[in-house]
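Participant: Have a look at the structure that comes next, please.
Where a number appears in this text, it was derived from the coordinates with a stated rule and is not lab data. Bear in mind the structure is a predicted one, so any value in this text is a computation, not a measurement. Here the Cβ positions follow ideal geometry from the backbone for every residue, glycine too, while neighbour counts run over all protein chains shown.
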Amino acid sequence: MRLFNTLNQTKLTFCAILLYGIGSAYCLDFDQTVLDKVEQIYGTAARQRILAWQNLINHDSAASDLEKLRQVNDFFNRNTAFIDDLVLWHKNDYWATPSEFLAKGAGDCEDYSIAKYFTLVEMGVDESKLRITYVKALELNQAHMVLTYYESPHASPLILDNLQPSIKPATQRNDLIPVYSFNGSSLWLAKNKGSGQIVGDADRLSLWHDLKQRMLDMPF
């Protein structure tokens, strides 16, 4: 955690407005000092992942939502490895910030979904169309997390998943049973079609609240 404790002294900042679901984007400006520190602690590959992330975000703001979904899904699925929290963080459940995920180059399903969510919002995808969704993965017989994209409130969402590389509509993912979903502002009981029933504020989820706070306190 030494890197993350030094980053408040850099020029890199995340705008709090995104994290609380009332704005459209956070601010990314990678300081050379930050990149040098990433390389010193995590190696050249970590630095390259961070730079590739920045290039992805800045690449093509005119691309369609569907193209951005494909680019972001492919980027994280190809550049990071799945490792359980207990092995990676020595905790039963830890939600990493996107930068922690990329610096480590590894994480679990929550980390994939969170990183894809924040990256797509930064690329200009409407936050109201994105949900981080808890599901039951039937083939694994365990809880799982994916990112979902709703073209409209009553549409069948598209699924961005680290288990399957291709993006598919929920109607083609019979192996997943949705449980609940959330984004920067709200929490829903999930269902396969449509947005589901809103049940409260997303900050009822303590791990989500903690993640957002760390992104403010530790702006990288």
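Participant: Distance cut-off 22 Å, Cα to Cα: go down the list 37/104; 68/129; 104/129; 104/168 and report the pairs above it.
Facilitator: Flagged as over cut-off: 104/129; 104/168.
Participant: Okay, moving on. For a Förster distance of 30 Å, can you work out the FRET efficiency between the beta-carbons of residue 78 and residue 206, rounded to the nearest 0.05?
Facilitator: Given R0 = 30 Å and the Cβ-Cβ separation, E is 0.45.
Participant: Give, in whole angstrom and from largest to smallest, the semi-axes √(5λ) of the equivalent ellipsoid of the range 34-159, with λ running over the eigenvalues of the Cα gyration tensor.
Facilitator: Each semi-axis is √(5λ); the values are 24, 21, 10 Å.
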